[in-house]
Every structure is written in structure tokens, then in C-alpha cells.
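Undergrad: Handing you a structure now.
The values are calculated or read from the model by the stated rules, or taken from the named source; none is laboratory data. None of these values were measured; they are calculated from a predicted model. Cβ placement follows ideal geometry from the backbone for every residue including glycine, while neighbour counts extend to all protein chains displayed. Please note that ligands, DNA and RNA were not included when accessible areas were found on the heavy atoms of the full protein model with its side chains. Shrake-Rupley method; radii C 1.70, N 1.55, O 1.52, S 1.80 Å.
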Amino acid sequence: MDDGDHSWGDLVADEADGEGTLAASYTEMTELLLPNDTNNLGRALGGAVLHWMDICGAIAAMRFSRRQCVTASMDHVDFIAPIDLGEVAVLEAYVFNTGRTSVDVKVDVRAENPRTGEERRTTTSFLTFVALDEEGSPTPVPNLDCPTPEEAALREGATEERRAQLADVSERLG
Ligand SMILES: CCCCCCCCCCCCCCCC(=O)SCCNC(=O)CCNC(=O)[C@H](O)C(C)(C)COP(=O)(O)OP(=O)(O)OC[C@H]1O[C@@H](n2cnc3c(N)ncnc32)[C@H](O)[C@@H]1OP(=O)(O)O
């Protein structure tokens, strides 16, 4: 999902080489929704979308840390709109927070009608990945660097959105 006036093309071209930056982690993935991943209504199976989110998030985590990463957790997921057969699922992921050995990744999913180019947001979640060393033990990751105002805005936006989502879920589930 576009977070405002940020141009990912510019961000990626300018900053992708910066080690440990938000831009270096930025990952976009597309999937054409085919019958194998749909239910009887011709809509994407939730499990298929979760699978794509996991892969897209893992790539962002590994681009950032240059380490093998494993999924430690995924926050709450609301499927707010369907993805229909023949549409394109567009996933965007980036690291917005780091711990000692873990990284937090925001993953947005939107559906694109390939005929019209029309898009709608379908889900957003926040995943935590842990970087592993050659022995399979957690290993330190770089600190997150956001050298541009665009990256700083994305980090702050994602942090606030995760906080709001957790608060909303906590209220809804009591
Ligand atoms: C570039 C190189 C390429 C290499 C070549 C790649 C080949 C291309 C591979 C493609 C790969 C695709 C990958 C897809 C992603 C999977 O599908 S991975 C498979 C599913 N996930 C798993 O199997 C993970 C199973 N869990 C575990 O192994 C362990 O619980 C973990 C996650 C490693 C943590 O181990 P632990 O002993 O609890 O570690 P501990 O030292 O206590 O904590 C370490 C960190 O984990 C955090 N943590 C632990 N549990 C949790 C939790 N539940 N929630 C959040 N954070 C947690 C801690 O807070 C801590 O964070 P920091 O404070 O250090 O930042």
C-alpha cells in the first residue's frame, strides 16, 4: 500500500545499496491468483495469502540482515477485502524496527485488476523474523538506518500503525 507521497522507485534506486537501511530491505512480490489458490467463491484462500506474506517478509528480513531468517511471529491478520480469481496480488514488505537478533517487517497486500489497473487494499500485518548464524542460533542484525525523510516516515508510520492495530485487536477481542 502506498503510504503517501513516497516513490518506491526513487527510494529503491537511491538507497538499495545502503546496508541495514529500510530501503535495502524493501521487497515487492506479485502473484497471479490462479484456481489452485482459490476457494469455491473464486477468491484467494486466506492460507495462500499468509504464505505469500511470509515469503515476502522473509525476503525483506534477509535482504536487510544478509542472514538466514526464520519467522518468529505474525501479528493479527484481517482479510478486509477479497482477491478474486485472475487478479494480481501485490505484496510490499520492509523492515521498520530491529531488536538485537530480530527484525520487524510490515507486509501490505493489495489486489490489482490487471485489466483496469484498479487496486484495493486487502490486508496488512506485522511479522517478526529472527536472524540465524551458521549453527542455527540467533545472531545480531544491523541497527535500522533510515537516512532519508521517506524512510524515516515509513518507519514512524509502520510503528504507529502496528500500535494502533494491536490496540484495536485488543479492544475487539476484549
Ligand atoms: C541472506 C542469507 C540467505 C541464506 C539462504 C537462504 C535460503 C532461502 C531460505 C528461504 C527461507 C524462507 C523462510 C520463510 C520463513 C519460514 O517459514 S521459517 C520457518 C518457521 N519458523 C520457525 O521454524 C522458527 C521456529 N522458532 C525458533 O526456531 C526459535 O523460537 C527462534 C525464533 C529462533 C527464537 O529462538 P529463541 O531460542 O527463543 O531465541 P532467543 O535468543 O530467546 O530470542 C531471539 C530473538 O527472538 C525473539 N523472539 C523469540 N520468540 C519470539 C516470538 N514468538 N515472537 C517475536 N519474537 C520472538 C526474541 O525477542 C529475540 O529478539 P531480540 O531481542 O534478540 O531482537
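Undergrad: Under a no-solvent Debye model with one identical scatterer per Cα of the stretch 10-173, what's log10 I(q)/I(0) at q = 0.08, 0.09, 0.10, 0.14 Å⁻¹?
TA: -0.24, -0.31, -0.38, -0.74
Undergrad: On to the next question. Roughly how big is the stretch 105-174's charge dipole about its Cα centre, with Cβ charges of +1 (Lys, Arg) and -1 (Asp, Glu), in debye to the nearest 20?
TA: Roughly 420 debye for the stretch 105-174.
Undergrad: Sum -39500 (n - 2.57) across every DSSP H segment of at least 4 residues in the chain, then divide by the residue count to get the 222 nm mean residue ellipticity, nearest 500.
TA: Estimated from H runs of four or more residues: -10500 deg cm²/dmol.
Undergrad: From the residues 69, 36, 105, which one has its Cα farthest along the dipole of the chain in the positive direction, the dipole being from +1 and -1 charges on Cβ of Lys/Arg and Asp/Glu about the Cα centre?
TA: Sorting the options by dipole projection puts first 36.
Undergrad: So what is the accessible area of the chain per residue, in Å², with the probe set to 1.4 Å?
TA: Accessible surface, normalised per residue, equals 52 Å².
Undergrad: Would you work out which of 27, 80, 153 lies farthest towards the positive end of the dipole of the chain? Charges go on Cβ: Lys and Arg +1, Asp and Glu -1.
TA: 80
Undergrad: Could you give me the ³J(HN,Hα) list for the stretch 130-143, computed from phi with Karplus coefficients 6.51, -1.76, 1.60 and θ = phi - 60°, whole Hz, x at Gly and Pro?
TA: 10, 7, 10, 8, 5, 8, x, 9, x, 9, x, 10, x, 5
Undergrad: I would also like to ask the following. Of the heavy-atom accessible surface of the stretch 10-173 (probe 1.4 angstrom), what whole percent is carbon and sulfur?
TA: That share works out to 47 percent.
Undergrad: Of 91, 137, 60, whose Cα points farthest to the positive end of the dipole of the stretch 10-173 (charges on the beta-carbon: +1 Lys, Arg; -1 Asp, Glu; origin at the Cα centre)?
TA: So the residue furthest toward the plus end is 137.
Undergrad: What size of dipole, in debye to the nearest 20, comes out for the stretch 10-173 about its Cα centre when the only charges are +1 on Lys and Arg C-beta atoms and -1 on Asp and Glu C-beta atoms? Let's see the in-between values first.
TA: Working: 14 positive and 30 negative charges, 94 e Å.
Here the stretch 10-173 has a charge dipole of around 460 debye.
Undergrad: Here's a follow-up. May I ask for the distance between the Cα centers of the stretch 110-174 and the stretch 73-96, given as a whole number of Å?
TA: 11 Å
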